[in-house]
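In what follows, a structure is listed as structure tokens, so that the remarks can point back to it.
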DNA sequence: TCCCCTATCTTGTCAACGACAAGATAGGGT
DNA sequence: ACCCTATCTTGTCGTTGACAAGATAGGGGA
């Protein structure tokens with residue numbers, strides 16, 4: 001047919017990228033290995049070689065997502081630390097904003113990550129990456145001026161994570177009756193400060 | 001084959017019920033109209049008559065879910081109102097607990113409701129039911145001793161909804177490292193009181 | 001009583017998909 | 001020059017969603 005070489009050379013990355021596009025536009029349910037193969041210009045069974053099966057592809061996507069999330073949180077935390085010392089809880093609030101921004105910016109990854117039924121949640125790479133993201137979240141809590149300890153620490157982590165995750169999930173699902181042009185990160189910052197600004 | 005009558009008599013309800021079972025056990029992605037038909041003992045195309053297509057079935061499920069949620073919230077609010085006057089924010093906290101309990105108890109409905117890509121979110125029945133659920137949530141906020149107004153009202157609603165929704169979503173996704181035997185409603189109450197107990 | 005009318009369910013079919021097996025190709029290491 | 005492995009192709013099977021056309025029941029009106 002075409003003068004395409006027998007070996008794609010970068011099929012794994014190409015398939016992952018195409019998967020992100022498809023999921024962003026039509027959700028994970030619309031994903032098809034054969035469609036991704038067509039987009040990459042390879043035969044219908046080529047993607048399976050790199051990921052095993054459909055769940056394997058989504059597993060790779062989830063692992064990549066947790067890596068990205070851990071990086072985003074760590075970066076936001078470092079930035080908030082470096083900035084001029086503002087009010088108490090600055091770092092935690094900005095980490096929360098970063099969480100929401102990640103969900104919106106990497107919608108496809110986020111949607112897959114929290115639907116463990118779609119992939120292999122016990123995959124070693126996924127577990128490791130998720131551990132790094134969890135640690136980044138814990139670091140943000142420890143940045144509080146008077147970090148809670150013991151049972152309180154666990155509760156504070158639950159509360160903070162629940163709020164930002166819920167905001168992100170509701171935003172992505174379109175359930176929030178907000179202005180179309182609003183920037184989700186800014187709205188999230190206002191909401192977070194209203195509840196967590198004082199500790 | 002069997003002496004089954006030509007008309008099932010209650011196929012619509014049977015298919016909806018079977019769909020809930022399947023989704024609870026294997027998630028929405030594992031849903032198959034043909035499998036539901038087999039479970040109901042009818043031909044493979046029978047379910048489509050009642051729901052049009054797969055998205056139609058999930059649309060009916062989402063509408064049913066919003067109705068159930070509105071009822072659960074209203075009931076919890078009424079109960080908290082009727083109980084001996086406790087501390088401030090009692091009604092809002094109990095509505096939040098009811099939200100989490102609904103998500104866990106009706107996991108299948110909850111998972112579908114907040115994935116609008118799976119169904120027809122503009123369906124009139126869905127829109128109406130969702131409106132009732134939204135109203136129940138607003139009622140819970142107005143039950144505060146000093147209910148916020150204007151912009152503050154919107155922010156408080158966002159914060160409260162985000163927290164309980166996030167908690168429920170994280171719980172269902174298995175992301176929370178909690179004790180296996182823990183009752184999600186009780187954990188949620190502790191988390192909610194920690195953040196919203198003082199208004 | 002008879003007929004028709006409508007909702008309900010069946011049967012048959014098609015394209016698309018996931019998964020698997022077996023073979024072809026390239027490119028590097030020995 | 002040879003093999004060895006990863007990569008990709010081709011072919012196939014069972015399952016699914018969607019659609020079309022026909023069969024069946026059950027009730028309301030002539």
Simple spin-label estimate for residue B:78/residue B:146, 7 Å along Cα→Cβ, in nm, reads 3.1 nm
Taking N as the number of residues in chain B, the ratio of its alpha carbon radius of gyration to 2.2 N^0.38 Å works out to 1.17
So, with points 7 Å from each Cα along the Cβ direction, the residue A:138-residue A:48 label distance in nm works out to 4.1 nm
Output field shielding_mean for A:110-117 (other chain Cβ, 10 Å radius) holds 4
Share (percent) of C-alpha pair distances in segment A:38-95 greater than 15 Å works out to 64 percent
Rg from C-alpha atoms of the protein assembly as shown, normalised by the globular rule of thumb 2.2 N^0.38 Å, equals 1.06
Axis carrying B to A; for chain B the Cβ-nearest residue and its rounded Å distance come to B:166, 1
Inter-chain shielding metric for A:152-161, i.e. average beta-carbon neighbours from other chains within 10 angstrom, reads 5
Computed over chain B: longest principal axis from alpha-carbon atoms vs helix B:54-82 long axis, angle to nearest 10 degrees, is 30 degrees
Per residue, the convex hull enclosing the alpha carbons of segment B:153-199 has a volume in Å³ of 69 Å³
Given B:62-70, A:13-21, A:75-83, the highest-first ranking by average Cβ count within 10 Å works out to B:62-70, A:13-21, A:75-83
Label points for residue A:53 built 7 Å along Cα→Cβ; distances to same position in the other copies, nm, shortest first, come to 2.6
Output field shielding_mean for B:167-174 (other chain Cβ, 10 Å radius) holds 5
Compactness check, segment A:14-71: C-alpha Rg relative to the 2.2 N^0.38 Å globular estimate gives 1.09
Rounded to the nearest Å, the spacing of the alpha-carbon centers of segment A:117-165 and segment B:115-184 is 22 Å
Measuring from the longest principal axis of the C-alpha atoms of chain A, the long axis of helix A:90-105 (C-alpha) lies at a number of degrees, nearest 10, equal to 20 degrees
To the nearest 0.05, the calculated FRET efficiency linking residue A:25 and residue B:122 through their beta-carbon distance, R0 being 25 Å, is 0.85
By the mean-Cβ-within-10 Å protection proxy, highest first, A:145-154, B:41-50 rank as B:41-50, A:145-154
Longest principal axis of chain B (C-alpha) makes with the long axis of helix B:11-26 (C-alpha) an angle, in degrees to the nearest 10, of 60 degrees
Note: segment A:88-199 at 4 °C, 1.567 mPa s; Kirkwood Rh on alpha carbon pairs; Stokes-Einstein D in µm²/s works out to 87 µm²/s
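Read the figures in this text as sums done on the coordinates, not as results from a lab. Keep in mind it's a predicted model, so treat the numbers as computed, not measured. Every residue, glycine among them, receives a Cβ derived from its backbone with ideal geometry; neighbour counts consider all protein chains shown.
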